[in-house]
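The values are calculated or read from the model by the stated rules, or taken from the named source; none is laboratory data. Just so it is clear, the structure is predicted and the values come from calculations on it, not from any experiment. Reconstructed Cβ throughout: ideal geometry from the backbone, glycine too, with neighbour counts over all protein chains shown. Please note that ligands, DNA and RNA were not included when accessible areas were found on the heavy atoms of the full protein model with its side chains. Shrake-Rupley method; radii C 1.70, N 1.55, O 1.52, S 1.80 Å.
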Amino acid sequence: CVNSAVKTVTINPLPTLTVTGNNVICSGQATTLTVSGANTYTWSPGFISPVISVSPFSSTTYSVIGKDANNCSNTTSYFVTVNPSPTLTITPTNTLLCAGGTATININGASSYSWSTGENTNDIIVSPTSNTTYSVIGTTGSCSGTALVTISVSNSIVVTANTSNTAICSGSNLTLTGSGASSYTWSGGVTDGVSFSPSSTDTYTVIGTAGTCSNSAVITVTVNNLPVVLANTTASSVCVGNPVTLSGS
């Protein structure tokens, strides 16, 4: 005896997953990844949403498992490349200006630049009338970085001339120093902060400079002559046992 039976087996296709998003970003930026093609999703590392926002420190591969209504699952991955942002080095010739002064600001570290002043060069020349912060965006490829520098503006500086002693004896040393600025130039060949021995009473002038600001001060040093001392005696030649008197004048 022979009989037969049939059974239908349905083969459901695996879901086809598609991930979209920006696959090239700069260091510090975020990108949104969106997966489609299934009903539920599980990302590595641990997200369960079809849309995730990631901000990797370095180039990273993200994988996702998608399941459809038939409980069939498939896996796909998406590689995000992280390019380094340019590191900018900003160098001003002066950060302190007197009113009307100028400073050159140099920037390096990128391929192209955009200043807050509207210029697009490596160097800009500025002449602010008040304290001003300048910013620049440097771009290399699709990545950019920002740098800032503040230029201070002062009407004047107050320079003071100082001495270790305003009155000395001939042959003695003293030291002259300036204060109120960042560098000092003295008259008479004097070096700021270095001891020397003046030969006579004199007035010294110091010019102090801070950025493009400068001012001066004077100081007088009195050099007193050494006394002329005489040695006197009542007799320059005596016999043994005889008295003699010595006196100074």
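Ignoring any ligand, DNA or RNA, what whole percent of the accessible area of the stretch 107-249 comes from carbon and sulfur when the probe is 1.4 angstrom?
Numbers: 4190 of 8350 Å².
Percent of accessible area from carbon and sulfur atoms in the stretch 107-249: 50.
Under a crude label model (7 Å from the Cα following the beta-carbon direction), how far is Ser214 from Ser199 in nanometres?
2.8 nm
Pull out the extension gain between Asn12 and Ser73, defined as 0.36 nm times the separation in residues minus the alpha carbon to alpha carbon distance; nm, one decimal.
Details: separation 61, 0.36 × 61 = 21.96 nm, distance 1.05 nm.
So the chain would gain 20.9 nm between Asn12 and Ser73.
What relative contact order, as a whole-number percentage, does the stretch 157-218 give when Cα pairs under 8 Å and 6 or more residues apart are counted?
Values: 128 pairs, mean separation 23.1, N = 62.
RCO, the stretch 157-218: 37 percent.
Have a look at Ile48, Ile90, Ile125 and tell me which one the Gaussian network model of the chain (Cα, springs below 10 Å) gives the largest fluctuation.
Result for the chain, Cα springs under 10 Å: Ile48 fluctuates most.
At a threshold of 8 angstrom on Cα-Cα distance, excluding pairs fewer than six apart, so keeping six or more, what relative contact order does the stretch 118-249 reach in percent? Intermediate results must be reported in sequence, preceding the final value.
Numbers: 233 pairs, mean separation 24.4, N = 132.
It rounds to 18 percent for the stretch 118-249.
Run the numbers on the chain and let me know its relative contact order in percent, using alpha-carbon pairs under 8 Å that are six or more apart. The partial results should precede the final answer.
Numbers: 557 pairs, mean separation 30.3, N = 249.
For the chain, the relative contact order is 12 percent.
Cysteines without a disulfide-compatible partner in the chain, using Cβ under 4.7 Å as the rule?
Cys1, Cys72, Cys169, Cys239, each lacking another Cys Cβ under 4.7 Å.
With every protein chain present, what is the per residue accessible area of the chain (1.4 Å probe, Å²)? Please list the in-between numbers first.
Details: 14950 Å² over 249 residues.
On a per-residue basis, 60 Å².
What is the distance in Å between the Cα centroid of the stretch 211-249 and that of the stretch 49-105?
Going from one Cα centre to the other spans 80 Å.
Could you pull out which residues in the stretch 200-236 have an amide N less than 19 Å from a spot 7 Å beyond the Cα of Ser170, following the Cα-Cβ vector?
From the stretch 200-236, the list is 200-203, 221-231.
In the set [x] 1.35; [y] 1.17; [z] 2.36, which value of Cα Rg over 2.2 N^0.38 Å was calculated from the structure you see?
[z]
Heavy atoms only, probe 1.4 Å: what % of the accessible area of the stretch 20-68 goes to carbon and sulfur, would you let me know? Could the numbers behind the result be given before it?
Details: 1440 of 2630 Å².
That share works out to 55 percent.
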